[in-house]
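Down below is the structure, laid out as structure tokens.
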Amino acid sequence: MGRLDGKVCVVTGGNSGIGMKTGEVFAREGAKVVLTDVGDSNRDKLLELIKSFGGEAIFVKGDITNPEDNAKLMKLTVDTYGRIDVLVNCAGVLEKGLKPIEEFTDSDYDFVTKINVKGTMSITREACKYMQEQHSGNIVSIASVSAERGCGGVVYSASKGAIISMTRHIALRFVGQGIRANCVCPGTVWTPMTRTSLKEERSRAAGEFYDIINRHSDLAAGICKDIDVANILLFLASDESRTITGQSIDCDCGCYL
């Protein structure tokens, strides 16, 4: 039996990186997956892959910073599958977020926080409306160890700190209502986003963030990959983690021990 059999899971950032891999993993475990992203260049490839192993998924192009897109997405999910069991917040940007406090610009802040904070909170708000009605639900989000340790750029770190705070708020807000929330805090993860951003923004802070790879405590494990994070998201989305809420789980190969 699949670990997510019967669950309807919405995954943001589903066109690439962790979100794309999460959609695949969830579908393999029996979930009905609704993927969304502002871009859809990998949509057909991903949907064909999921179909090839008997999974079920749809892809809805949308912008999480647009409240109307978020409302339409959640309504479409419920109209199609009858409910929303899990929302996985993978959508986010590293770009323009890697400068230290004395170098970041207001435009850097506006760009990153609009997506990482406002967008994530907006789509979560819409999911929670339906979860309240059905008296059950599960919010799983991607934060970052940079939010806990202060490494990397100030704007990115602050934006991911907001995700940790949002997670704790949701866990407290819905005590006794069958809704829980957790987040995963990866270290450096080798995805198209990190490859591009770290290459283009080699500021001192970006360099420090990237070079954390070389200080991993468990070198045998290697750098984290999208599948490593997706597997943790799978656990948090499943009933196996039913007693866990309000928590942030590090996924960094032990580099901060």
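Can you tell me the Rg and Dmax of the stretch 1-61, counting just the alpha carbons, in angstroms?
Just the Cα atoms of the stretch 1-61 yield Rg and Dmax of 10.2, 33 Å.
Let me know the Kirkwood hydrodynamic radius for the stretch 103-170, please, with Cα pairs as the basis and the value in Å to one decimal.
Working: mean 1/r = 0.0778 Å⁻¹.
That comes to 12.9 Å for the stretch 103-170.
Expected output is a single nm value to one decimal: the length gained when fully extending between residue 48 and residue 75, i.e. 0.36 nm times separation in residues minus the C-alpha distance. What is it? List each step's numbers first, then the result.
Values: separation 27, 0.36 × 27 = 9.72 nm, distance 2.43 nm.
So the chain would gain 7.3 nm between residue 48 and residue 75.
How far apart, in nm, are the 7 Å Cα→Cβ label points at residue 110 and residue 5?
My value for the distance between the label points is 5.2 nm.
Can you flag which of 72/225; 21/75; 51/75; 99/129; 96/118 are past 27 Å Cα-Cα? Spell out each step's value before the answer.
Details: 72/225 32 Å; 21/75 24 Å; 51/75 23 Å; 99/129 36 Å; 96/118 16 Å.
Violating the 27 Å limit, Cα to Cα: 72/225; 99/129.
Once phi is turned into θ = phi - 60°, what whole-Hz ³J(HN,Hα) does the Karplus curve with 6.51, -1.76 and 1.60 give for every residue of the stretch 5-10, x standing for Gly and Pro?
In residue order, the calculated couplings are 3, x, 8, 9, 10, 9 Hz.
Does anything in the stretch 79-97 have its amide N under 19 Å from the 7 Å Cα→Cβ label point of residue 133, and if so which residues?
Those under the cut-off are 79-88.
Would you tell me the accessible area of residue 131, worked out with a 1.4 angstrom probe on the heavy atoms of the protein chains, in Å² to the nearest 10?
0
How far is the Cα center of the stretch 224-257 from the Cα center of the stretch 89-120, in Å?
Spelled out, the Cα-based centre of one part sits 23 Å from the other.
The values are calculated or read from the model by the stated rules, or taken from the named source; none is laboratory data. What you see is a predicted model; the values in this text were computed from it and never measured. Glycine gets a Cβ as well: all are built from the backbone with ideal geometry, and neighbour counts include every protein chain shown. Remember, those area values only see protein heavy atoms, side chains included, never the ligands or the DNA or RNA. Shrake-Rupley method; radii C 1.70, N 1.55, O 1.52, S 1.80 Å.
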